[in-house]
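Peer 1: Let me begin by handing over the structure; questions about it come next.
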Amino acid sequence: MKNWRYWLMVVIGFIAFFNLIGMPHNDNPNYWELVIYSKFTAVALAYIDIRLYVWFAKHRKIDELLEYINEDK
């Protein structure tokens with residue numbers, strides 16, 4: 001993938017995924033704050049990633065990806 005927009009969306013999605021599955025250590029005094037913060041961050045990053053995809057698609061910046069996705073239909 002030579003388009004930098006793909007890598008941007010992949011990195012944001014990767015960070016969102018690890019925030020979603022990540023859990024702090026049970027002995028941490030701020031356990032619940034860290035759990036809530038990591039899940040909120042995951043949801044916010046996933047939203048940003050989806051909005052970036054929609055914006056790039058609308059402005060025809062990722063046409064190769066869209067052609068690849070629609071190729072099987």
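The values are calculated or read from the model by the stated rules, or taken from the named source; none is laboratory data. What you see is a predicted model; the values in this text were computed from it and never measured. What goes into the accessible areas is simple: the full protein's heavy atoms, side chains included, and nothing from ligands, DNA or RNA. Shrake-Rupley method; radii C 1.70, N 1.55, O 1.52, S 1.80 Å.
Peer 1: Given axes a ≥ b ≥ c from the Cα gyration tensor, I'd like to know whether the chain is rounded (a/c under 1.5), prolate (a/b larger than b/c) or oblate.
Peer 2: Prolate, since a/c reaches 1.5 and a/b exceeds b/c.
Peer 1: Over the chain, average the accessible area per residue using a 1.4 Å probe and give it in Å², no decimals.
Peer 2: Heavy-atom accessible area per residue stands at 82 Å².
Peer 1: Reachable aspartates and glutamates from residue 58, Cα under 17 Å, same-chain residues fewer than 8 places away excluded?
Peer 2: Answer for residue 58, where 17 Å is the Cα cut-off: 49, 67, listed by chain and number.
Peer 1: What helices does the chain hold that run 24 Å or longer along their axis, going by alpha-carbon atoms, with a Kyte-Doolittle average of 1.6 or more, using DSSP H for the helix calls?
Peer 2: Span-like helices here: 4-21.
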